[in-house]
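Read through the structure below, which is laid out as structure tokens, and then see the notes.
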Protein chains: 2
Amino acid sequence: MSNENETLSVAFSQVSGNFRGQEMKKVTCTAPVNIAVIKYWGKQNEELILPINSSLSVTLHQDQLKTTTSAAASREFTEDRIWLNGKEENISHPRLQSCLREIRRLARKRRNEEGDENVSRILNDKVHICSVNNFPTAAGLASSAAGYACLVYTLAKLYGVEGELSEIARQGSGSACRSMYGGFVQWVMGERDDGKDSLAKQVEPESHWPELRVLILVATAEKKHVGSTAGMQTSVETSPLLKLRADLVVPERMEAMIESIRKKDFKAFGELTMKDSNQFHATCLDTYPPIFYLNSVSQRVISVVHQYNTYYGQTKVAYSFDAGPNAVIFMLEPTVNEFVEVVKHCFPPESNGDTYLKGLPVGSAVLSEGLQSIVASDPNPGGVRYIIYTKPGPGPTLSQDLTLDLLDADGLPLQCA
Amino acid sequence: MSNENETLSVAFSQVSGNFRGQEMKKVTCTAPVNIAVIKYWGKQNEELILPINSSLSVTLHQDQLKTTTSAAASREFTEDRIWLNGKEENISHPRLQSCLREIRRLARKRRNEEGDENVSRILNDKVHICSVNNFPTAAGLASSAAGYACLVYTLAKLYGVEGELSEIARQGSGSACRSMYGGFVQWVMGERDDGKDSLAKQVEPESHWPELRVLILVATAEKKHVGSTAGMQTSVETSPLLKLRADLVVPERMEAMIESIRKKDFKAFGELTMKDSNQFHATCLDTYPPIFYLNSVSQRVISVVHQYNTYYGQTKVAYSFDAGPNAVIFMLEPTVNEFVEVVKHCFPPESNGDTYLKGLPVGSAVLSEGLQSIVASDPNPGGVRYIIYTKPGPGPTLSQDLTLDLLDADGLPLQCA
């Protein structure tokens, strides 16, 4: 480094120190996880992330599962940087770049239309982004949806951008577009080649169906699984059934699912949720080479759910599985205590009895003899590592809580792993 | 019993003893097992057993797997009776009755057309039927195909009936029609409501592809499975993908499979065999409630087959699974020794090292380091109970070997379990 540069660097640092309050704009937001009940699997456009079928999901409550993201812009920053779960990642990743580029494009558009001075200044700055999940990535819960939704929402707040953001989140991770809203959300696949109409739309807010509850059974994975991006690409290329499902089955299922939610018809909602989960995994098996996401624990959960419903002669609980062995179980509030007891009987905690149940509080329940006989056979200790009890929740929010801030006064992560 | 009846009984017994040679006609036949490479799953007519799609199978050699059936007719018999694997069964079973009725109908037709005295006499007699498999039913190998094929073929020989018999075997058990021929056999679904054109046809005899070999890996079942009759009925009623497969996927697969066999193109044959097995199991998973026939052993076999093929950069082995966890593996003769060694590494024999390999003799092989690294991880002792090594074989035959006879001079089973 030459003397000249060194002097300049010191001078710049002093200036920035003096004006730090003005120089750095910083916001912190949170965003939720969502669970698809009509599954998304397969893109017709890899770059724009345009899906081969519409999908529909339930946004889960952020009290249990959320991503928190802080983003700061400053003229002192020499480059865009990002830290994910305490580790700096390469921000040149195409999907991160897509989100940054699109938000900045909207910001420029607003500056040009409204002549906003603040936006104009910030567009010349680099950004620092820091993001953490409040749940372990190892849990196998799809974190990219919450992650990209939070990134896009946070950047939008930073740049003062408003309006339709799900199209941008979609370009980070397809299912992220659905995490841009709370409650029950459809991702309408759209028809345009440029993807401008491939957007998320709220079907009903979370307040619409206040009795609905969700259990996540985090299963012990037996082996590593095919990632969803690679997996769905192989499925699109090789599974004849996936294309037939997308073209001929999903359209009417979308209508039926929306109707079941509007009517709060748990039987219809639950049965279609299970059927669509099964059909998604069927298309994985129809992929060549076949992809297996359901393991023996998942199969046992499926069996227990059907036995439980058969015992009551009605659909009281319904499972859904994404690209991994974890089960997401939907039910109405009065069923929770008993079904948790059923799960505990089938998959007894090993050494973690005190941390087996996470999330909302669960009451006690005594199983009838009939239910005990269902769960008595062949217990699988440790097959379920823990249960997260949650419910539908709201979309992304701007945090007013300074304690959630992930970047320090210099725009660097407060905690590093 | 009155004195009068007792006297009559003794007298009758004496008469029959005097004329035994003339009175009882008896034949013994054998029939093979077949393995579908384009799968049959689902009926459009339950009574006539008309399938929702055509299918195609390889007939396995009877030296390893066969059903033997003896049938006798005598005026001394007071009722039709049947013994299966040493145990008397109820002959009023509708499917047994279908076969008996249809064969007798053909016999009457022949008598009426040709006036055959022998046929005329035997049509007034009752029959005794005794049937055994040379493989354990517990092995989970579909025994009904060989069983009904053998029943129909044996009855036809007994009654002197000739001509198209696969239509009758089909009414016993759908896939039995394909066991009426050796080699490579298609079951053309047909178009007629009465099923007269739903027949098996030989594509090529077993001599056409002399290098083709088959390993059956008999897996340890973890639990009882849904039977194929009930399973396919539920699938027809609930799986949208099954109907789409039958209508839109199978027709072109039938053509491609026939072409691969005619050309002895193992790559095309093997890949389509694996894809169609996977698609069949996908439709089981799309059934509601879902049906799982593949267990963790099956999944491991699938994974090892793909790893083996990837290692060689070509399709050298191909799996197929029916309604259970057993794997049927196709390959050409030069691959057998090595692949058996691979299986032994992945699924070491537990206490049955000497009976682990059944059927044709297998030579030794030393695995390369590359192959060893594939099979080294996570061996599953006992996951495969034993291996049967066999090859394509001929159709049903009339036995000249008196030692195979299963009925004694009184028309009763020689051995009872």
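Which value does Rg/Rh take for the range A:212-390 over its C-alpha atoms, Rh per Kirkwood?
Radius of gyration relative to Kirkwood radius: 0.98.
Equivalent-ellipsoid semi-axes (√(5λ), Cα gyration tensor) for the range A:221-263, whole Å, largest first?
Listed largest to smallest, the semi-axes of the range A:221-263 are 27, 17, 7 Å.
What does the charge count near A:Gln171 come to, summing +1 for each Lys or Arg and -1 for each Asp or Glu among other residues with Cβ under 15 Å from its Cβ?
Neighbour charge sum, excluding A:Gln171 itself: +1.
When a/c is below 1.5 the answer is rounded, else prolate if a/b is larger than b/c, else oblate, so apply that to the range B:223-313 with a ≥ b ≥ c taken from the square roots of the Cα gyration tensor eigenvalues.
Oblate is the answer for the range B:223-313, as a/c is 1.5 or above yet b/c matches or exceeds a/b.
Treating each Cα of the range A:369-408 as an identical point scatterer and ignoring solvent, apply the Debye formula and state log10 I(q)/I(0) at q = 0.17, 0.26 Å⁻¹.
-0.75, -1.00
Averaging the inverse of every distinct alpha carbon separation and then flipping it gives the Kirkwood radius. What is it for the range B:86-182, in angstrom units?
Value: 14.1 Å, from the Cα pair sum.
Mind checking the angle between helix B:3-18 and chain B's longest principal axis? C-alpha axes, 0 to 90 degrees, to the nearest 10.
Tilt of helix B:3-18: around 70 degrees.
Please report, in whole Å³, the volume per residue of the convex hull around the C-alpha atoms of the range B:257-301.
Value for the range B:257-301: 68 Å³ per residue.
Using Stokes-Einstein with the Kirkwood hydrodynamic radius over Cα pairs, what translational diffusion coefficient do you get for the protein assembly as shown at 20 °C and a viscosity of 1.002 mPa s, in µm²/s rounded to a whole number?
In µm²/s, the coefficient is 70.
Roughly how large is the B-A contact in terms of buried accessible area, totalled over both chains, probe 1.4 Å, nearest 100 Å²?
For chain B against chain A, roughly 2300 Å² becomes buried.
For the range B:212-390, what % of the accessible area comes from carbon and sulfur atoms, probe 1.4 Å?
The value for the range B:212-390 is 51 percent carbon and sulfur by accessible area.
Between the alpha-carbon centers of the range A:68-102 and the range A:175-224, tell me the distance in whole angstrom.
Distance between centres, Cα-based: 25 Å.
List the residues of the range B:243-258 for which accessible area in the full set of protein chains is at least 50 Å² lower than for the chain on its own; 1.4 Å probe, protein heavy atoms only.
B:Leu244
Quick one: grab the alpha carbon gyration tensor of the range B:129-275, order the square roots of its eigenvalues as a ≥ b ≥ c, and give me rounded if a/c is under 1.5, else prolate or oblate depending on whether a/b is larger than b/c.
Since a/c stays below 1.5, the shape of the range B:129-275 is classed as rounded.
In the range B:98-164, which GluC sites (Glu not before Pro) fall in coil by DSSP and have 16 or fewer other Cβ atoms within 10 Å?
Counting only loop positions with at most 16 other Cβ atoms within 10 Å, the GluC sites (Glu not before Pro) in the range B:98-164 are B:Glu162, B:Glu164.
Computed over the Cα atoms of the range A:27-116, what is the ratio Rg over Rh, Rh following Kirkwood?
1.02
Given a cut-off of 23 Å, name the pairs among B:Lys39/B:Lys263; B:Lys39/B:Lys201; B:Lys66/B:Lys316 whose C-alpha atoms lie farther apart than that in the structure shown.
B:Lys66/B:Lys316, as the Cα separations exceed 23 Å there.
When ligands, DNA and RNA are left out and all protein chains stay put, how many square angstrom of accessible area per residue does the range B:34-77 have with a 1.4 Å probe? The partial results should precede the final answer.
On the way: 1070 Å² over 44 residues.
Value for the range B:34-77: 24 Å² per residue.
Rounded to whole Å and sorted largest first, what semi-axes of the equivalent ellipsoid does the C-alpha gyration tensor of chain A yield via the square root of 5 times each eigenvalue?
41, 24, 19
The values are calculated or read from the model by the stated rules, or taken from the named source; none is laboratory data. All of these numbers come straight from a predicted model, not from anything done at the bench. Heads up, the Cβs are rebuilt from the backbone with ideal geometry, glycines too, and the neighbour counts pull from every protein chain shown. Quick note on the areas: whole protein, heavy atoms, side chains included, nothing else; ligands and nucleic acids left out. Shrake-Rupley method; radii C 1.70, N 1.55, O 1.52, S 1.80 Å.
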